[in-house]
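**Student:** Let me give you the structure first, and then I'll get to my questions.
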Ligand code: SF4
């Protein structure tokens, strides 16, 4: 990719900031978050509905963790985003770069240009958070990733159903050497048969893939867009569901969104 071509590539962003990862295998680590605009799903539990469309502006943190945001207009040219990540990349602070959203894979062509450049600039590992339903776009960016957190959407909790896409997606990740884990949001209305189906899907690919059951964080009235109430599961439910899944896959951990406990972003 020439510098000229890079200059032509743009992406629509929500924000860039430095924070503590609150979910999954990287919980507790410090990351530079790049939150991309747009999502093609409408999960009932979504706490990021502000990402579904692209705002005219994005906010960019100047110094890691200070929340001293400056406002820039969308779309953002690739070299400009590289500059903002470089400014965040103070030596020894960050463990990795998190691509989040929204659905980052809706920007796959941009990422195929941006990721090699940001890696050579920062040498930081690159972690993708994704709905796990776009295997074709994953193939475009897979060579540039170090780890993937794949959401597996249970229809009874999310209102979304993507079993075939999840299978293809996880198989693609498993075919490579990158680190992959599966995150499943559970609520009081989770149907156990769907958890069993999810466990089977994962086990048929690789029963060593770590699974994180994440009890839903109830939404505030302002966040709630669906009429389906999001109620956290009971202690008895999560205890039973962990046992159920461990009948198929080896590693099943139950961890809520820890960044919300820490008042992180
Ligand atoms: S995939 Fe993520 S951003 Fe998109 S609707 Fe679901 S929870 Fe929200």
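Throughout, read-outs are computed from the coordinates displayed, never taken from laboratory work. Values in this document were obtained by computation on a predicted structure and should not be read as measured data. As a convention, Cβ positions derive from the backbone with ideal geometry for all residues, glycine included, and neighbour counts pool all protein chains shown.
**Student:** What ranking do 66, 128, 219, 145 get, fewest neighbouring Cβ atoms within 10 angstrom at the top?
**Tutor:** Sorted ascending by nearby Cβ count, the order is 66, 219, 145, 128.
**Student:** Right, here's the next one. Tilt of helix 78-88 relative to the longest C-alpha principal axis of the chain, in degrees (0 to 90, nearest 10)?
**Tutor:** The angle comes out near 80 degrees.
**Student:** Using Cα centres only, tell me the gap between segment 168-225 and segment 7-21 in whole Å.
**Tutor:** So the two Cα centres are separated by 25 Å.
**Student:** In degrees between 0 and 90, to the nearest 10, how far off the longest principal axis of the chain does helix 108-122 point, with axes built from Cα atoms?
**Tutor:** On a 0 to 90 degree scale, this one is about 70.
**Student:** For the chain, what is the relative contact order in percent, using Cα pairs closer than 8 Å and at least 6 residues apart in sequence?
**Tutor:** 18
**Student:** Against the longest principal axis of the chain, how steep is helix 235-246, in degrees 0 to 90 to the nearest 10, with axes from Cα atoms?
**Tutor:** The helix 235-246 is inclined about 80 degrees to the chain.
**Student:** Restricting the count to DSSP beta bridges whose residues both fall in the chain, what percent are antiparallel, rounded to a multiple of 5?
**Tutor:** 35
**Student:** So if the hydrodynamic radius of segment 130-265 is defined as the Kirkwood radius over C-alpha pairs, what does Stokes-Einstein give as its diffusion coefficient at 25 °C and 0.890 mPa s, in µm² per second?
**Tutor:** Calculated translational D: 158 µm²/s.
**Student:** Two decimals is fine: what is log10 I(q)/I(0) at q = 0.17, 0.23 Å⁻¹ for segment 59-138, from a Debye sum with one equal scatterer on every Cα and no solvent?
**Tutor:** Scattering profile of segment 59-138, log10 relative to I(0): -0.75, -1.31.
**Student:** Right, another one. Which value in nm describes the separation of the simple spin-label points at residue 50 and residue 66, placed 7 Å from the Cα toward the beta carbon?
**Tutor:** Taking the simple label geometry, residue 50 and residue 66 are separated by 2.1 nm.
**Student:** Contour minus end-to-end for residue 10 and residue 243, with contour as 0.36 nm per residue of separation and end-to-end as the Cα-Cα distance?
**Tutor:** Full extension from residue 10 to residue 243 adds 79.3 nm.
**Student:** On average over all directions, what projected area in square nanometres does the chain have, based on the convex hull of its Cα atoms?
**Tutor:** With the hull built on Cα positions only, its mean projection is 13.4 nm².
**Student:** Residues of segment 80-100 with backbone nitrogen within less than 13 Å of a virtual label 7 Å along the Cα-to-Cβ line of residue 146, please, listed as ranges.
**Tutor:** The answer is 92-99, whose backbone nitrogens lie closer than 13 Å to the label point.
**Student:** Subtract the Cα-Cα distance of residue 227 and residue 171 from 0.36 nm times their separation in residues, and report this length gain in nm to one decimal.
**Tutor:** The residue 227-residue 171 span can extend by a further 16.8 nm.
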